[in-house]
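Working notes, beginning with the structure itself.
Every number here is computed from the coordinates shown, using simple stated rules; none is lab data. As the structure is a computational prediction, the values presented were derived from the model and not from experiment. Cβ placement follows ideal geometry from the backbone for every residue including glycine, while neighbour counts extend to all protein chains displayed.
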Amino acid sequence: MIKVTCLGAAGSVTGSNYLIENSQGKKVLVDCGLFQGGKEMELRNWHNWGFDPSQIHTLFLTHAHIDHSGRIPKLVKDGFRGKIITSPPTAELCQIMLLDSAHVQEMDAEWQTKKDKRKNKKETLPLYTTKDAAESLQYLSPIERDQIITVEPGIKARLRNAGHILGSSIVELWIEEANEEVKIVFSGDLGKQNQLIVKDPYEIFAADYLFIESTYGNRVHRPFEDSKEELLEAIRYALSHEEKVIIPAFALERTQEILYLLGEFYRDKTLPDIPIYLDSPLAIKATQIFRKNKKYYDEQARAIVDHGFDPFDMPNLHFTPTTEESISINEKPGSAIIIAASGMCTAGRIKHHLKHNLWRPGASIIVVGFQAQGTTGRKIVDGEKQVKIFREDVAVKAKVFTIGGFSAHADQKDLLEWVSHFTEPRPKVFVVHGEATASEALATVIREKLGMEVHVPKWKESLLLKAKKVVRKEIPAEVIPIEISQTMLNKVIDLEHEIERLKKLLKKKDEKATISEEDVNRLEYIQEELQGIIPE
Ligand SMILES: [Zn+2]
């Protein structure tokens, strides 16, 4: 029997960490993220792992966001010496993300120690240091997605594009168990359809068990075009009051998406004449990595490059890596767009910008990312009249624009659609990576609309997965290479949709008049062609 223990991102959105064990005692991990959002949640980072890190030979890392990767330095510090299997852009992004995370840990510990000294308490140590983070990077073992690899005898894996951020992956795992094989799919964070910059999530058709994220399992994003219009409106609002536009953004992905959109406005000539500051050393570095990794762009982003533009650049854009440059932004009068991290307003330069601008009527605060419970960002979104920044009460007088359409996460509709691609026999579904209400809501719609068996695991819950003695209706891989067969299956699904559409039209009375005998002949021809594609 295979055991999966949900050691993070179960009942919450952070701390992603799943332990998979087979009956021979082989153990692998999927993700090793930091718990974030409030003191209680962050304390979990210090708990026992629930396994011995030195016994783990493989960690699959879905993507570089800290809530999925941020405990890797601690894992290595505590004895992990195996391989971290991940995509090449994720490995590259981890280099900057983990060092930055270590720096934050060190700063927090230093601040806490200073505070405690007055109370005669002992020194607080960081969760890990910059040295630990640098040390851990040597275990990153990048592989290109879409190829099946054997990580140890009896355990095979493949990464697929998850369409969430640059390099983000779904993990497909095949584990041998008593002469049978169990296939487990971990969705990681899934992107939405038509996500900017990266390609849409890969559709998977077969699995015995599926672990799916549910960050927005109870929400449907507003249409993207509306969100773009709201972004322009928020910029114009502050500009008309000669105030600043503050965008708290995650350094990785959300920032690049905002730059990408501002670039689009600039090329369309809809962007007002206003200076733009990217005020985050980490976001600046991440943007450089995005610029380097063009081969992972989707068609639209590639087209911009082919037309001779950099999708993340415009003449008014200024990078402000140093503290002096950052401080000088608020000293300059007049309007400006300031993009700064952290995305949930809990740390970093954004706190300074909020302190300077949150109380100013006429300023715009644009919230473009998920705000976890307990964070300053969540309080602003929830309409609190006053928030604490650097232990000072600051009134919220600026206009808050919450623009949901920029999420890098699939919404309920996208998640349901992605799950619906699994063919019979359908997998048992475990809904993870969501706050309880979001996970439960997604579980309910999957049960009701797709008739699948669903469970929402609790934090630290262990699940026993039986091998299923069923033969899957997959096109055999040895007959047709896997890539082509998947593409083919996609086409068949498209055809099914087209046939459904035709059926609906034919049932409507008035449409029948437009059908000719020639159409019937064409359909007959298509049917004959179809029969010849894969001979029995
Ligand atoms: Zn993520």
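Ordering Phe35, Phe265 by the number of other Cβ atoms within 10 Å of each residue's own Cβ, fewest first, gives Phe265, Phe35.
Here the Karplus relation 6.51 cos²θ - 1.76 cosθ + 1.60, evaluated at θ = phi - 60°, turns the backbone of the stretch 368-374 into coupling constants of 10, x, 5, 10, 6, 4, x Hz, with x for every Gly and Pro. Annotation: amide H-H contacts under 5 Å for Thr402 (H modelled 1.01 Å from N, sequence separation of 5 or more, or interchain): Val367. Taking other Cβ atoms within 10 Å as a rough exposure proxy, Met452, Met107 sort from fewest to most as Met107, Met452. The distance linking the stretch 85-155 with the stretch 1-60 is 15 Å (Cα centroid to Cα centroid, whole angstrom).
Rounded to the nearest whole angstrom, the semi-axes of the ellipsoid equivalent to the chain, taken from the Cα gyration tensor as √(5λ), stand at 40, 32, 21, largest first. Across the stretch 235-251, computed HN-Hα scalar couplings (Karplus, 6.51 cos²θ - 1.76 cosθ + 1.60, θ = phi - 60°) run 5, 5, 4, 5, 4, 5, 9, 6, 10, 8, 9, 10, 10, x, 9, 5, 4 Hz from first to last residue, x flagging Gly and Pro. Around the amide H of Ile337, modelled in the peptide plane, lie the amide H atoms of Val245, Ile276, Tyr277, all under 5 Å away and 5 or more residues distant in sequence or on another chain. Seen against the Cα atoms of the chain and their longest principal axis, helix 517-533 is set at about 90 degrees.
Residues whose amide H falls under 5 Å from that of Lys397, counting only those 5 or more places apart or on a different chain, are Trp359, Arg360, with hydrogens built in the peptide plane. For the pair the stretch 327-394 / the stretch 211-286, the C-alpha centres are spaced 15 Å from each other.
Remark: relative contact order (the chain) = 17 percent; criterion is Cα-Cα distance under 8 angstrom and separation of 6 or more residues. The GluC sites (Glu not before Pro) of the stretch 70-142 that meet both conditions, a loop assignment by DSSP and at most 13 other Cβ atoms within 10 Å of the site Cβ, are Glu123. Placing unit charges on the Cβ atoms of the charged side chains and taking the dipole of the chain about its Cα centre, the candidate lying farthest along the positive direction among Ser407, Pro361, Phe250 is Pro361. Counting beta carbons within 10 Å around each of His307, His65 and listing the fewest first gives the order His307, His65.
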